[in-house]
């Protein structure tokens, strides 16, 4: 597209650092930012929000076992 991060930041009314941190993967695309991105790129707000959620789920996939190891399934609670 040939658009600099600074130009994009000015166009959507956010600090350039916010765009830079998103590009570097250091900051998430928040719902308000997804609305801004949607208008800027001519896409739906849901596209950018969904993209962020997908990235977060993929990052957590490798931690699934660790996150769920201590959880007792609901169906086992009533069995005694």
Equivalent-ellipsoid semi-axes of the range 5-58, from the Cα gyration tensor, Å, largest first: 18, 14, 7
Top of 38, 13, 50 by mean-square fluctuation, Gaussian network on the chain, Cα under 10 Å: 13
Rel. contact order, % - alpha carbon contacts under 8 angstrom, at least six apart, the chain: 16
Inter-label distance, nm, simple model (7 Å from Cα along the C-beta direction), residue 23/residue 72: 5.1
Most mobile of 34, 62, 44 in a GNM of the chain (Cα contacts under 10 Å): 62
Angle between the chain longest axis and helix 45-61 axis [Cα atoms, degrees, rounded to 10]: 50
Net length gained if the chain between residue 59 and residue 3 were fully extended (0.36 nm per residue, minus Cα distance): 17.3 nm
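Quick note: the coordinates plus some simple rules give every number you see, no bench work behind them. For clarity, every value in this text was computed on a predicted model and none was experimentally measured. Every residue, glycine among them, receives a Cβ derived from its backbone with ideal geometry; neighbour counts consider all protein chains shown.
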